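Undergrad: Okay, here's the structure, questions in a sec.
The values are calculated or read from the model by the stated rules, or taken from the named source; none is laboratory data. Predicted model, so just to flag it, every value in this text is computed and none were measured. FYI the Cβ positions are ideal-geometry reconstructions off the backbone, even for glycines, and counts take in every protein chain you see. For accessibility, only protein heavy atoms count, side chains too; no ligands or nucleic acids. Shrake-Rupley method; radii C 1.70, N 1.55, O 1.52, S 1.80 Å.
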Amino acid sequence: MKRVLISCIILLLSLTALAQGLPFMRHFNTDDYKAHAMNFDLDIDKNGIVYVANFEGLLYYDNVRWRILHTSGLSRLTVVFCDSKGNVWTGGYNFFGKVVVEPNGTLALQDLGKRHNIKGEILEIWEEDNGVIYFISNNGNIYEITNNQIKLKEKVRDQVITAGLTDIIDRDVLMEKGKVEARTDTLVSESLDNGLTATVRKGQGLFISDQNGRVLYALNEATSMPNNNITYIKYDHHGTLWGVMDNGIFAIALPSAYSHFTNNDGLSEGVISITKFKDNIYAGTLNGLFRLQGTHFVNVGLGNFACWELSASSDRLLAATATGIYLIKPNGTYSLISSEGALSVYDAGDVIYSGEMGGLFTMTPDGKNRKKVCNLEKVSAVICDKHGDIWIQNVYGQVMRQNSDKKFIPYNESAKESTAVLVQFADTIRAIDALATYPISFPQFSYFDGDITWLTNNEGTQLYAWRNGKEVKDLDYLYPFKGNTISAILHNGHQLWLGNNKGFSIIDTDVKDPAFQMKPVVHIRSISLGSDTILWGGFGPIPEEMILDSKERNIHFTYALNNIPIVNKAYYRYQLNDGRWSAWTTEQRISFYNLPYGDYTFRVEGLDAFGHKTDTTEFSFSISYPFYLRWYMIILYLLAAGFILYLIYKMRIRMLQKEKLRLEQVVQERTAEIVKQKDEIQEKSESLELTLNELHSAQNQLIRQEKLATVGKLTQGLIDRILNPLNYINNFSKLSEGLVRDVEANIEDEKERMSEDNYEDTIDVLGMLKGNLQKVGEHGQNTTRTLKAMEEMLRDRSGGIVKADVTTLFKQNQSMVDNYYGKQIAAQHINVVFDYPSEPIFVNANPELLSKVFMSLLGNSFYAAEKKFTKDSGYSPEVSLKAEVVASQLVITIHDNGIGIEESILDKIFDPFFTTKTTGEAAGIGLYLSHDIIQSYGGTITVNSVKDQFADFTITLPIIKD
């Protein structure tokens, strides 16, 4: 605790005169790198790959993800070192080795210490000027490495060296005096660009100093670090300082033109105003007025109320707050000069303008002689033009200005009812209409710094600048915050402060930012197949061309920039062959499934955190044609076709000869047919009686169907009669919720005029009313869903029955699965199998309804797999559709290894409106309709399932034989 207090005191003393924020930082915890929390050492190779010695092994980060290399004995690793030749050496308990690149581009640990019987804990690894690698063990031995051979150089101590796992050996003392001593205060000192130095002090955190030794940042538990126990740091020479702790890993953007303050640095509830007064930065928030003190904002003490606007002059600062206008003096004391809540304030010297709920008021600086000068309600902005005339705007976008008689009139008589916003420029003030698009579109926020006018779009984002009648173009440094909603701006010398609901982002244009100046390059980091077979792991030379087997048609790529984005996100897009480029996203992995045979070129581009676009990186690969589609097979097919044509010709000649013989037999056959017709007449007479009986049965069936149709029409009419008033219930419940919110807003506006009990009772009643309306809406939607399901049940499904090719339906369903569930398949690594005969199989069915049955059952399988995936981290999901012909039946089995079905409800799942899902997820008629459709085609559908293991739905359909 004492060290933390000392660090805070150093920080406050060093930053009293600096108006800069804290550097941007990324933290990685065990959830990110999937290893032990304890990290001992780190280094960075010449390609920017970060290596971390961890309690479980060697971590490395390629800007896509963290991966780990384990030793053969699962030993901890406490030291890692990258030498000048690009080799990565590491050591730990009873282990010393190096990182090697496997033929497929993956990394592995080569154990060099095992064959030399290296024992003990490796304390330090280093490289001398002659390029020789040395390391010391806690057994007191210093070893030398030559051509991957280890030999003893000298023994500096006979006893076992007692050193903590996180201790850093002072190598200068070791080499000069032959003594083994651990550093006690300054553990690590690392030189950064721009003359900065990063220093780790034991138990005190990280200190960043300038070239004069002045501490600029003290990063510890009091600021932004999870704890003070930093074990090692390393600079990548591209604007990123990496470090490891006993509970994580961090990367800091240093040196950087960008810094920030967040709500963790003293601010509260979002920034809505900012100004500089007597070398102090003041920030108004929804929860009070704050002043920057060192690297922390402190509450000035005006109360926890919204501070809407600040107006600074040479001798005073005025703050418009929800409780009135405060006057702050240079010494920091303040007084309330007006107790009426104010939305805006303007200091005109002898007169103070106060924009309030009831209009615009003026008063003297001591709060006296208060009078109303304009009736415009809720004045949110007061601006004085170069002629001394006052312009005002209220929260509704109504704008007024003073005329020559100092009376307030609408700024444009022809646009009294229009909505506009006031924007101040160097030579004028303009009211920008809400519908304006040129030359300036309607801004949600604007700020004039005396030279430049800063504006946003109508959503408060996409900040840009306007000067001398045209847009300022050289503002690339704004890119990282283009997507941020801006609510306050201060142009303080070479610093630009941007306020938002999370605090401040600060841009210092005088700082040389190595990350900003670095040319971004996008690298392909891995190439793998659908079975997770690694084709190339990202290390070593990438294959110039890759030829895949015809069975390997699913391929995955990961890619990343050559630096880690900290201030902002990086974006990527990709292209396959000469197709359309994808949209820019932050995704760093893309998968291609079921690619056709042929040649491909994969291309990827990136945008770094500052909007700089990379060159295109590309990789070519081919998918081999199967043997039956290769050129020699095609020649064989042509020869076979010619032979078949010859056979057909020969068969035609033979058929003509047979036809002659057939004609001679026709007369004999006709005579025989007359005899047979006599017998057939007798048979038809007997069958006529049977037909009459069947007709009578059909009449009875038609009468029954007519009755059912009548009942269906009656039910359909009732559903229509119910749905209409139900829609009114749903719609009016939503409208009533909006009205309740409006009433709540009005109550909040009138809060000051209501008694506390009356206000709280009203809010409670409105809360209960809102909850009741939400319940009405929810149950109304559920009832509508149930009625829609009844409509679906009553729909006539007897039409459209044709001779349908089920094989074609399977292919269509397979494509639909890839489209509808592709993201789920990729994210959850679902093994999807479609196994069905390649030849056509025909059944009597409606193809559309039969396809819906298959997709409904497949949808249930993906639902079951997703539910189990969220509960079981070791689960490998499977979904399959298999079809085979058994006798004269087509047997289709849809299988998944998801959550299964309880045995107690298996006999109910085909009942209408029965479901295990919530009412909001399903109406419970999917399986019922599937069962009804299959039965109408003369088929059956059955289920076999074991809870939490699998579910199999088996469909049988009669096949149409040619």
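Undergrad: I'd like to know if the range 76-84 contains one or more residues that are out of contact with any strand residue (DSSP E or B) (no Cβ under 8 Å at 6 or more places or on another chain), over 21 Å from Leu165 (Cα atoms), open to solvent by 50 Å² or more (accessible area, probe 1.4 Å) and not hydrophobic (A, V, I, L, M, F, W, C).
TA: no
Undergrad: Limited to the range 587-619, what total is found for residues that are at pLDDT 95 or above, open to solvent by 60 Å² or more (accessible area, probe 1.4 Å) and hydroxyl-bearing (Ser, Thr, Tyr)?
TA: Matching residues across the range 587-619 total 1.
Residue by residue, here is whether (1) outside any helix (DSSP H, G or I); (2) on the phi < 0 side of the Ramachandran plot; (3) surrounded by fewer than 18 Cβ atoms within 10 Å (Cβ to Cβ); (4) free of Cβ contacts under 8 Å to residues at least 12 places away in the same chain holds:
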site	(1), (2), (3), (4)
Tyr438	yes, yes, yes, yes
Ser441	yes, yes, yes, no
Asp474	yes, yes, yes, yes
Pro480	no, yes, no, no
Arg525	yes, yes, no, no
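Undergrad: With in a helix (DSSP H, G or I), farther than 19 Å from Leu957 by Cα and over 29 Å from the mean Cα position of the chain (by Cα) as the only criterion, which of Leu850, Leu857, Leu906 stands out? Don't jump to the end; show me each part of the working.
TA: Values: Leu850 fails: farther than 19 Å from Leu957 by Cα; Leu857 fails: farther than 19 Å from Leu957 by Cα.
Of the residues listed, the single one that is in a helix (DSSP H, G or I), farther than 19 Å from Leu957 by Cα and over 29 Å from the mean Cα position of the chain (by Cα) is Leu906.
Undergrad: Hey, any hits in the range 887-910 for a residue that's acidic (Asp, Glu), modelled with pLDDT of 90 or more and surrounded by fewer than 20 Cβ atoms within 10 Å (Cβ to Cβ)? Don't jump to the end; show me each part of the working.
TA: Here is the first cut: in the range 887-910, the residues acidic (Asp, Glu) are 896, 902-903, 907.
Add one more test, that the residue is modelled with pLDDT of 90 or more, and what stays is 896.
Now restrict to residues that are surrounded by fewer than 20 Cβ atoms within 10 Å (Cβ to Cβ): none.
Checked against the condition, which is being acidic (Asp, Glu), modelled with pLDDT of 90 or more and surrounded by fewer than 20 Cβ atoms within 10 Å (Cβ to Cβ), the range 887-910 yields no hits at all.
Undergrad: If you take the residues in the range 945-956 that are farther than 17 Å from Leu858 by Cβ and not basic (Lys, Arg), which one is farthest from the chain's Cα centre (by Cα)? First the steps, then the outcome.
TA: In the first step, residues of the range 945-956 are kept if they are farther than 17 Å from Leu858 by Cβ; the result is 946-949, 956.
Keeping just the survivors that are not basic (Lys, Arg) gives 946, 948-949, 956.
Working: Val946: 36, Asp948: 30, Gln949: 32, Thr956: 43 Å.
Ranking the candidates gives Thr956 first.
Undergrad: Here's a check for you: in the range 365-417, which residue that is under 47 Å from the mean Cα position of the chain (by Cα) and among the hydroxyl-bearing types (Ser, Thr, Tyr) is most open to solvent (accessible area, probe 1.4 Å)?
TA: Restricting to residues being under 47 Å from the mean Cα position of the chain (by Cα) and among the hydroxyl-bearing types (Ser, Thr, Tyr), the top hit is Tyr396.
Undergrad: Of the residues Asp246, Asp210, which is more than 29 Å from Val521 (Cβ to Cβ), in contact with a strand residue (DSSP E or B) (Cβ under 7 Å, 6 or more places away or on another chain), free of Cβ contacts under 8 Å to residues at least 40 places away in the same chain and acidic (Asp, Glu)?
TA: Just a single option satisfies the conditions, and that option is Asp210.
Undergrad: Keeping to the range 497-516, report how many residues are free of Cβ contacts under 8 Å to residues at least 40 places away in the same chain and under 20 Å from Glu605 (Cβ atoms).
TA: 0
Undergrad: While we're on this one: Being hydrophobic (A, V, I, L, M, F, W, C), under 30 Å from Thr485 (Cα atoms) and surrounded by fewer than 20 Cβ atoms within 10 Å (Cβ to Cβ), is that true of even one residue in the range 235-257?
TA: Scanning the range 235-257 turns up no residue that is hydrophobic (A, V, I, L, M, F, W, C), under 30 Å from Thr485 (Cα atoms) and surrounded by fewer than 20 Cβ atoms within 10 Å (Cβ to Cβ).
Undergrad: Filter the range 739-748 down to residues that are of a type outside the set (Lys, Arg) and surrounded by 11 or more Cβ atoms within 10 Å (Cβ to Cβ) and give me whichever is modelled with the lowest pLDDT.
TA: That would be Val740.
Undergrad: Which of the residues that make up the range 929-942 are in a strand (DSSP E or B) and open to solvent by less than 40 Å² (accessible area, probe 1.4 Å)?
TA: Across the range 929-942, the qualifying residue is only Ile941.
Undergrad: What number of residues within the range 100-144 satisfy the criterion of being in contact (Cβ under 8 Å) with a residue 40 or more places away in the chain, in a strand (DSSP E or B), out of contact with any helix residue (DSSP H, G or I) (no Cβ under 8 Å at 6 or more places or on another chain) and of a type in the set (Val, Ile, Thr)?
TA: 4
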